[in-house]
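What follows is a single structure, written as structure tokens, with notes after it.
The values are calculated or read from the model by the stated rules, or taken from the named source; none is laboratory data. Every value quoted in this text rests on a predicted model; they were computed, and no experiment measured them. Methodologically, a virtual Cβ is constructed for each residue, glycine included, from the backbone with ideal geometry; neighbour enumeration extends over all protein chains shown. We work out accessible area using only protein heavy atoms, side chains counted, and drop any ligands, DNA or RNA first. Shrake-Rupley method; radii C 1.70, N 1.55, O 1.52, S 1.80 Å.
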Amino acid sequence: MNAPERPEVEARLANTSPSGIEVPIQVGPEAIGSERIGRPGEYPFTRGIFSDGFRGRLWTIRQYSGFGTAEESNERYRFLLEQGQTGLSVALDLPTQCGYDPVDPMATPEIGKVGVSLSNLAEAEILFDGLDLAGISTSFTINGTAAIVYAMYLAVADKRGVARAKLTGTIQNDILKEYVARGTWIFPVRPSMRLIADSILYSNEQTPRFNPISIAGAHVRDAGCTAVEEMAYTLANGLAYVDELRARGGDIEKFAKRLSFFFYVHMDFFEEVCKFRAGRRLWARLMKERYGVSDPKAQHFRFGVVCGGSSLVAPQPHNNIVRVAVETMAAVMGGAQSIFTAAFDEAFQIPTEFSAELALRTQQMIAYESGIARTVDPLGGSYFVEQHTDRMEAAMEQVMREIDDYGGVVKAIENGWLQMRIARRALERKMKVDSGESVVVGVNHFRRTETGEIGEQFRLDPNAARRVLEKYERVRSTRDAHAVARTLARLTDASRKERENLMPYLIDCCHAYATIGEMVGALKREWGEFAEPVRLS
């Protein structure tokens, strides 16, 4: 065994958080005002939205999974549910996310690579075969084609005779962060906002227990933002959706109850806990003071998290097991409603059954053995935690004011202003890691010249793409072509009417076995595609 390398730069504990907020060596009672702390379950919900915390209901244990064919992913879902998972989180491949059918030349090399291929209703029926849709909460990480995938899920429920009112889960459906962080956008910003409003307003009536949007800060965080910016950009996006829904005549007291949020948890424990406490309080205040929302449930900031993401690294990958455990504890202390724990090998491959089970067991041990879930907000009242929560909230408000001063989120995205801010922050973060100023154990400090055993390796079935294409052609050859043409024509016509809700037309298309590529193609011909702005400063 080789001795660890001597770090090029001595590792020291920083005197500021990753967001640049001063962290004092000690904090006393003079730093906090008790009136801002409050009690769990009471406005402004700093300490949580439920008075009984996880004693009333444990967070949903929802492991993100999906790869290759619908058959393979269905098998993995069954395995995870047998091991104690309490909800599904569906990963979809890039062609599905970007609106391409698997036969498209843009799609074929990526079939099933980073998620399951789901081009039409027949694949969705296979994906959920044997699973109790009325008893399982299902989450979809999908944005550009979110309304179509949601329509497909409703069509599966319809065919199975499952009442839509019984469906629970979440569809990410947050296109604004796609323009600045991930890139799976399709249409221009404003028609995309229309499609999101359509799905939310439709869900309020048809699937009242289903969250039709999960406003996501996770991806801007992984793109380089600080914890403060992650929360501020996410809340700003949330306000943009609220404004769009109100302009469409939506009742905020009603639709706000189904808005949810989604974040990554990184490694600075107290920063992550305080991020959630500050964001929860700030959202409640915005709902009450800006919009006059009076129903406490419509003021609630409900959120799920991923413990992992870009905080996981390929060198010394078993260190990631510890990282995920620390991040999961921060998520619990912060009051998350849903948690996905990334597997230690996700920095370089799709998780194996072994690594996926270990990630699941991490949540279960923290839930049932650690004791930290037994009381609500156990860090509440800590001088440091309360002071840091206040400071993070103030910093978030400042970032949101800068967005407002620019002209709002939509304008900032259309002009590329927000994308440039995130890119600059990403460069700063990389330079700090490269220089050793930000310590990443096993990467820039405490490294070893030999990596050690990675363990079991995941390999996609090389015949998966062929099977997907065969099934796709079989659906196309056996479906009612006239029904497909008729439903697509109706969708096209409805898309020209600005206030027409497109969800019923998308569901009809799904029932006719129209494909994602066909539905997206119909809308592209009417709306065009988003052209990413290029800024040099």
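Look at the alpha carbon pairs under 8 Å that are at least 6 residues apart: their mean separation over the length of the chain gives a relative contact order of 21 percent.
Quote the FRET efficiency, to the nearest 0.05, computed for Q83 versus R209 with a Förster distance R0 of 35 Å and r equal to the Cβ-Cβ distance. After rounding to 0.05, the efficiency reads 0.90. Between A394 and R190, how many nm apart are label points set 7 Å from Cα along the C-beta direction? Taking the two extended label points, one gets 4.0 nm. Computed from point charges on the beta carbon alone (+1 for Lys and Arg, -1 for Asp and Glu), the dipole magnitude for region 185-230 about its Cα centre is near 140 Debye. One equal scatterer on each Cα of region 124-245, no solvent, Debye formula: the resulting log10 I(q)/I(0) at q = 0.15, 0.16 Å⁻¹ is -0.69, -0.77. Here the accessible area is traced with a 1.4 Å probe on the protein chains. For the chain, carbon and sulfur cover 51 percent of it. Along its principal axes, region 480-527 has C-alpha extents of 29, 18, 15 angstrom, given from the largest down.
Only one item in (i) 22, 57, 21, 1; (ii) 17, 44, 33, 5, 0; (iii) 19, 52, 25, 4, 0 matches P(r) over Cα pairs in 20 Å bins from 0, in percent derived from the coordinates shown, and that item is (i). Between F446 and K497, the FRET efficiency from the beta-carbon distance, with R0 = 60 Å, is close to 0.45. Using a probe of 1.4 Å on the protein chains alone, the accessible area found for W59 is around 10 Å². Around the Cα centre of region 480-527, unit charges on the Cβ atoms of Lys, Arg, Asp and Glu (plus for the first two, minus for the last two) sum to a dipole of about 140 debye. For I213, the residues whose amide H sits under 5 Å from its own are I171, S260, ignoring neighbours fewer than 5 places away on the same chain, with H placed 1.01 Å from N. Computed from the Cα positions only, the extents of region 389-515 along the three principal axes stand at 63, 51, 27 Å, in decreasing order. With one equal scatterer per alpha carbon and no solvent term, the Debye-computed log10 I(q)/I(0) for region 232-287 at 0.24, 0.29 1/Å reads -1.01, -1.28.
Computed log10 I(q)/I(0) for region 376-446 at 0.20 Å⁻¹: -0.92, from the Debye equation with unit scatterers placed on every C-alpha and solvent omitted. In this label model, E125 and M365 are separated by 4.3 nm, measuring between points 7 Å along each Cα→Cβ vector. Rolling a 1.4 Å probe across all protein chains gives R47 an accessible area of roughly 50 Å². Within straight-line reach of K177, meaning a Cα separation under 18 Å, sit the following lysines at least 8 residues removed in sequence or on another chain: K411.
Across region 157-264, the relative contact order, built from alpha-carbon pairs under 8 Å that are at least six residues apart, equals 33 percent. Heavy-atom accessible area for F128, with the other protein chains in place and a 1.4 Å probe, reaches approximately 0 Å². With all protein chains kept in place, the per residue accessible area of the chain amounts to 41 square angstrom at a probe of 1.4 angstrom.
Dipole size in debye (nearest 20) for the chain around its Cα centre, Lys and Arg Cβ +1, Asp and Glu Cβ -1? Before the final figure, lay out each step's value.
Values: 64 positive and 70 negative charges, 218 e Å.
Charge dipole, the chain, about its Cα centre: 1040 debye, nearest 20.
Each stretch of four or more DSSP H residues adds -39500 (n - 2.57); spread over every residue of the chain, this sum gives -14000 deg cm²/dmol at 222 nm.
Across region 71-99, the residues whose backbone nitrogen lies under 11 Å from the label position 7 Å along the beta-carbon direction of D461 are 71-76. Candidates I413, Q364, V399 compared by Cα position along the dipole of region 304-422: farthest toward the positive end lies Q364, with charges placed on Cβ.
Report relative contact order for region 487-537 in percent, whole number only (criteria: Cα-Cα under 8 Å, sequence separation at least 6). Relative contact order for region 487-537 comes out at 42 percent.
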